[in-house]
Amino acid sequence: MSALADHRRAMSVREESRLSGEDWSAARTESHLTRSAITGPLLRVQLLLPGLAPAAQTAAQAVYGMRAARSAAQLQEAREHSIRTADDLVAAAGPVLAA
């Protein structure tokens, strides 16, 4: 969850810079690092908790999808969608972990 949140923040900064016409090369580098940080935890979830794999994949894809925003409004919508999918992952984790 923290890796998703870190990447969501990095993508927000990156895409805000890109959409406003600023130099976003440093933000792009940061987003590559935070995206990379998702890979290990996502793989562990898929292997160790396969019941959570779909929700985890959906949450990760929602963050990755932020780069498709074509306006500040679309970016905000994508960010909110990403937060909702992360919340869905947390909700799905409870029953799986309790079992």
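Every number here is computed from the coordinates shown, using simple stated rules; none is lab data. Every value quoted in this text rests on a predicted model; they were computed, and no experiment measured them. All Cβ positions, glycine included, derive from the backbone under ideal geometry; neighbour counts span all protein chains shown.
In the stretch 24-80, of all residues being among the polar types (S, T, N, Q) and under 14 Å from the mean Cα position of the chain (by Cα), the one that is nearest to D6 (Cα to Cα) corresponds to T34. Residues in the stretch 25-50 that are more than 28 Å from P95 (Cα to Cα) and of a type in the set (K, R): R28 alone.
Only residues that are among the basic types (K, R) and either without any contact (Cβ under 8 Å) to a residue 12 or more places away in the chain or out of contact with any Lys or Arg (no Cβ under 8 Å at 6 or more places or on another chain) (or both): list them for the stretch 14-46, please.
Residues satisfying the conditions are R18, R35, R44.
Residues in the stretch 47-88 that are farther than 25 Å from L19 by Cβ, among the aliphatic types (A, V, I, L, M) and in contact (Cβ under 8 Å) with a residue 40 or more places away in the chain: L49, L52. Checked against (1) over 18 Å from E15 (Cβ atoms); (2) loosely packed, with under 13 Cβ neighbours inside 10 Å; (3) of a type outside the set (S, T, Y), A68 passes all but a single condition, namely (1).
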